[in-house]
1. Test of understanding: in a Gaussian network model of the chain with alpha carbons linked when under 10 Å, which of 84, 190, 159 would top the mean-square fluctuation ranking?
2. By the scheme Lys and Arg +1, Asp and Glu -1, what is the net charge of all other residues having a beta-carbon under 10 Å from that of residue 24?
3. What fraction of the Cα pairs in region 138-295, stated in percent, has a spacing above 25 angstrom?
4. Rounded to the nearest 10 Å², what accessible area does residue 133 have for a 1.4 Å probe in the complete protein model?
5. How big is the gap, in Å, between the Cα center of region 242-295 and the Cα center of region 1-65?
6. When Lys and Arg each count +1 and Asp and Glu each count -1, what net charge do the other residues less than 12 Å away from residue 7, Cβ to Cβ, add up to?
7. Give me the accessible area of residue 111, 1.4 Å probe, in Å² rounded to the nearest 10.
8. Across 10 Å bins from 0, what is the distribution of all Cα-Cα pair distances for region 223-295, in whole percents?
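The values are calculated or read from the model by the stated rules, or taken from the named source; none is laboratory data. Given the structure is predicted, the values throughout are model-derived calculations rather than measurements. When we count neighbours, we look across all protein chains shown, and the Cβ atoms used for this are built from the backbone with ideal geometry, even at glycine. Keep in mind that these areas ignore ligands, DNA and RNA; they rest on the heavy atoms of the full protein, side chains included. Shrake-Rupley method; radii C 1.70, N 1.55, O 1.52, S 1.80 Å.
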Amino acid sequence: MKLVTFTKTGEPRIGCLNQSGSEIVDFTAAGIPGDMNEFIGLGDCGLQQAVEIVEENRGAIPIAVVALLAPIPRPRRNIMCVGKNYVAHAAEFEKSGFDASNSTGADVPKHPIIFTKAPTSVIRSGEAIPGYLDSSDSTDYEGELGVVIGRGGRGISAKAAMEHVYGYTVVNDVTARYLQRDHTQWVLGKSIDGFCPMGPCIVTADEIADIREMRIQTTVNNEIRQDAEFSQLIFDIPTLIETISRGITLETGDIIATGTPEGVGIGFDPPKFLRTGDVVKVTIDGIGSIQNIVE
Ligand code: MG
């Protein structure tokens, strides 16, 4: 099921996209809460109810008359993010000279690098990325797979981890590179308002046979910059969940951005930073695309 948060008039609602993506089945009419976090909290029970609504095809709305929001427009907590999780990207980042956090000299980390982005950084596909808020004028894109946690927990083993995955979404971990470099810790460069486009939907885990076989592609003004398969992740999803939850309780609706592949702007010499008017599109086949203009 492709779950979306949308507005028609008034309050946000949730529903699901039909196969062709032309219509949304509105769950609100069936008494389901309009908040995605609450819906995810209903677990299988909520999904079962949703399946029944879809089968009855009650309240289908043409997508043209609604506005899609990010599937979780305001996460309850910071988004968990992973640094340097593809070998080729780790190498390009090290070579760029922008990785002030690396004191080991090694390209590939021995342990997952985890940082977070503020909930206020989330915007929807179609909304402008406010590049003007980057005082260092070095805005860069990072197309990533986002993992949405269903059932939370602490001390989740890698073996049990996939049982805690509710679904997947597309994330652009937009980054102010000079802030990332100059402040050493990454939060300032990563958490700027509007620097986390997310969407267009959450595809529930049952619809994905093997996430490792799926691909991500990022384009800037239609030029392909990133193209990778998730089998290339250095630390796979079970390892990330095990690592984060070892001491931190993961909660329903938490999002883990799993890292970006090779091809970011600073991988080029000279760097290809985003400029006003540039259009960044991140696509994961089977989930969808998010597209944002820089202003
Ligand atoms: Mg990233």
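1. 159
2. Net local charge, residue 24 excluded: +1.
3. 31 percent
4. My reading of the accessible area for residue 133 is about 80 Å².
5. 26 Å
6. +1
7. 130 Å²
8. Result, from short to long distances: 14, 38, 31, 16, 1 percent.
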